[in-house]
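All remarks here apply to the structure that follows.
The values are calculated or read from the model by the stated rules, or taken from the named source; none is laboratory data. Computed from a predicted model, the values in this text were never measured in an experiment. Cβ coordinates were reconstructed from backbone atoms using ideal geometry, including for glycine residues, and neighbour counts include every protein chain displayed. With ligands, DNA and RNA removed, areas are computed over all heavy atoms of the protein, side chains included. Shrake-Rupley method; radii C 1.70, N 1.55, O 1.52, S 1.80 Å.
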Amino acid sequence: MFRSVPLLSKLHPRIGKQYHLKNSVRWFHVQSSSDLVNCEIASYSEPIYNNCRELISGCLSGFLPKTYSTSCSTLSHDTLKDNPVSDMLVDSFGRLHTYLRISLTERCNLRCQYCMPAEGVELTPGPRLLSKNEIVRLANLFVSSGVDKIRLTGGEPTIRKDIEEICLHLSNLKGLKTLAMTTNGITLSKKLLKLKECGLSALNISLDTLVPSKFEFMTRRKGHERVMESINTAIILGYNPVKVNCVVMRGFNDDEILDFIELTRERPINIRFIEFMPFDGNVWNVKKLVPYSEMLDRVVKEYPDLKRLQDNPTDTAKNFRIEGHCGTVSFITSMTEHFCAGCNRLRLLADGNFKVCLFGPSEVGLRDPLRRGADDHELKEIIGAAVKKKKASHAGMYDIARTANRPMIHIGG
Ligand SMILES: Nc1nc2c(ncn2[C@@H]2O[C@H](COP(=O)(O)OP(=O)(O)OP(=O)(O)O)[C@@H](O)[C@H]2O)c(=O)[nH]1
Ligand SMILES: C[S@@+](CC[C@H](N)C(=O)[O-])C[C@H]1O[C@@H](n2cnc3c(N)ncnc32)[C@H](O)[C@@H]1O
Ligand code: SF4
Ligand code: SF4
């Protein structure tokens, strides 16, 4: 691994910056990890990508230290679209929003401390939540406009009674390539076979500790064994990788990072260590946040052959592999090294509000226009106007912690 502080600081002003290249790509940006500099290009075409390599080298010449490698990537060919991306999904920075996260419910069968207050959150009355048909109608509008990935989240998506029907309808939308779910895994193992048959194609399961008593403390409920069972069921049913989301909090589970990594030795698990993020009611404190750099140092000490993988430009995660391990290791660094330049995500909440950024407090309502009989054109106008107002990045962890947002359980991650 190469490390050179003076050279890194020379490069620093360009890290995370976004560059526009006229008529060629929408953007590229420079990211740095301790051993790799990535120039990420959002382009759907090979010739454009090849031209850009030269342009980018020109932009960066004199800034890249010799000991660092550069690598450029196009969006993979399987992301070539059936439905062209409509202007409604393009923001003022040229980012294409092809990934919709739908929160199916504000309710949950756990009470995780980092997600919600002990006393619970205010719940939207049932009639003001989106019905199955309304969800499908809105999802169809997004998919026909260019969205090709939908993630179901919550609250806990699996507690929704019509979850199977919702999956079936969404997976049949023409142009949708991935129907994913993020779940706490409490009731998943019983439902997963049916969900898979209904088109659920990718699965992220949340688990923050391998110690049952700590699980009970963090989630304020029992159920560790059931989550472990769900992870195993997902592997048996062929989900590959099964992504395991682990929010790392100092003094709670930061001593388990290496134990989690051991899960990847024999199993097709992608363990994702997530920096603790501030949301209303989760008593966020910077002292509880374990920064990416610290997690990485700890992992590298134990696994010196940890190798950075080529990330997709729109990934939330920085991805690594360890020689000989079947699974992989990732870090979601929202707080210390945000990935907003590659953001392709939009959010539909259970009450029908539409949110363009996880940390942006602004929302627009789609439910009421929908119920008033708005046609697709009118709904697209509302959505497009919100997307165009999306900011380049979040405001930084201290500002976020001070700004009123929703509790995480309402947003769904
Ligand atoms: N800052 C930020 N964090 C996000 C965003 N999307 C997801 N996350 C966080 O990433 C963590 C994992 O979220 P998941 O629900 O598994 O979604 P994902 O990371 O998009 O999953 P993949 O589609 O498998 O890459 C959670 O802590 C989310 O809050 C985003 O757009 N911005
Ligand atoms: C809000 S949950 C909803 C889906 C489902 N109930 C679950 O827990 O997987 C979505 C993801 O957000 C993560 N999350 C919740 N609160 C967080 C926080 N404060 N910081 C970082 N990630 C958080 C959870 O660990 C989970 O992986
Ligand atoms: S993180 Fe998921 S499981 Fe935990 S309380 Fe929030 S919604 Fe429920
Ligand atoms: S913080 Fe907002 S802009 Fe940044 S990646 Fe997340 S949703 Fe996108």
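So which residues in the range 228-245 are in a helix (DSSP H, G or I), touching a helix residue (DSSP H, G or I) at 6+ places or on another chain (Cβ under 7 Å) and closer than 19 Å to I274 by Cα, if there are any at all? Full working, then the answer.
Residues of the range 228-245 that are in a helix (DSSP H, G or I), as a first pass: 228-236.
Then keep just the ones that are touching a helix residue (DSSP H, G or I) at 6+ places or on another chain (Cβ under 7 Å); that gives 229-230, 233-234.
Of everything in the range 228-245, nothing turns out to be in a helix (DSSP H, G or I), touching a helix residue (DSSP H, G or I) at 6+ places or on another chain (Cβ under 7 Å) and closer than 19 Å to I274 by Cα.
May I ask you to list the residues in the range 191-227 that are outside any helix (DSSP H, G or I) and within 16 Å of ligand 3 (Cβ to nearest atom)?
Applying the first criterion (outside any helix (DSSP H, G or I)) to the range 191-227 yields 198-211, 220-223.
Within the range 191-227, L203, N204, I205, S206, L207, D208, T209, R220, R221, K222, G223 qualify.
For the range 127-156, give me each residue that is hydroxyl-bearing (S, T, Y) and either closer than 26 Å to D315 by Cα or open to solvent by less than 10 Å² (accessible area, probe 1.4 Å) (or both).
Keep residues of the range 127-156 that are hydroxyl-bearing (S, T, Y), which gives 131, 144-145, 153.
Across the range 127-156, the qualifying residues are S144, S145, T153.
Within the range 294-309, restricting attention to residues that are in contact (Cβ under 8 Å) with a residue 60 or more places away in the chain and part of a helix (DSSP H, G or I), which residue is farthest from L96 (Cα to Cα)?
Filtering first and then ranking leaves V300.
Can you name the residue in the range 240-281 that is within 16 Å of ligand 4 (Cβ to nearest atom) and modelled with pLDDT under 95 and, of all such residues, is least open to solvent (accessible area, probe 1.4 Å)? Walk me through how you get there before you give the answer.
Within the range 240-281, the subset within 16 Å of ligand 4 (Cβ to nearest atom) is 245, 247, 272, 274-280.
Among the residues that remain, those that are also modelled with pLDDT under 95 are: 279-280.
Working: F279: 18, D280: 55 Å².
The qualifying residue least open to solvent (accessible area, probe 1.4 Å) is F279.
Determine, yes or no, whether R347 is closer than 26 Å to M408 by Cα, among the basic types (K, R) and touching a Ser or Thr at 6+ places or on another chain (Cβ under 8 Å). Reasoning before the result, please.
Numbers: closer than 26 Å to M408 by Cα: yes; among the basic types (K, R): yes; touching a Ser or Thr at 6+ places or on another chain (Cβ under 8 Å): yes.
Considered against the rule, which asks whether it is closer than 26 Å to M408 by Cα, among the basic types (K, R) and touching a Ser or Thr at 6+ places or on another chain (Cβ under 8 Å), R347 comes out as yes.
Just need a number here: residues in the range 353-382 that are closer than 15 Å to L130 by Cβ, touching a strand residue (DSSP E or B) at 6+ places or on another chain (Cβ under 9 Å) and either buried (at least 18 other Cβ atoms within 10 Å of the Cβ) or not hydrophobic (A, V, I, L, M, F, W, C) (or both).
7
Among the residues of the range 336-346, how many are more than 8 Å from ligand 1 (Cβ to nearest atom) and open to solvent by less than 20 Å² (accessible area, probe 1.4 Å)? Quick ask: steps written out before the conclusion?
Step one: of the range 336-346, the residues more than 8 Å from ligand 1 (Cβ to nearest atom) are 336-337, 341-342, 344, 346.
When the remaining residues are screened for being open to solvent by less than 20 Å² (accessible area, probe 1.4 Å), the result is 341-342, 344, 346.
Result for the range 336-346: 4.
When only residues in the range 177-190 that are without any contact (Cβ under 8 Å) to a residue 60 or more places away in the chain, within 19 Å of the chain's Cα centre (by Cα) and surrounded by fewer than 23 Cβ atoms within 10 Å (Cβ to Cβ) count, which is farthest from ligand 3 (Cβ to nearest atom)?
Residues of the range 177-190 without any contact (Cβ under 8 Å) to a residue 60 or more places away in the chain: 178-181, 183, 185, 188-190.
After this cut, where a residue has to be within 19 Å of the chain's Cα centre (by Cα) as well, the list is 178-181, 183, 185.
Still in the running and surrounded by fewer than 23 Cβ atoms within 10 Å (Cβ to Cβ): 178, 180.
On the way: T178: 20, A180: 15 Å.
Taking the candidates together, the pick is T178.
Name every residue in the range 285-328 that is buried (at least 17 other Cβ atoms within 10 Å of the Cβ), hydrophobic (A, V, I, L, M, F, W, C) and touching a Lys or Arg at 6+ places or on another chain (Cβ under 8 Å), in order of residue number.
L289, V290, L306, A317, F320, I322
From the set of residues in the range 95-126 that are open to solvent by 10 Å² or more (accessible area, probe 1.4 Å) and part of a strand (DSSP E or B), which is nearest to I409 (Cα to Cα)?
R101
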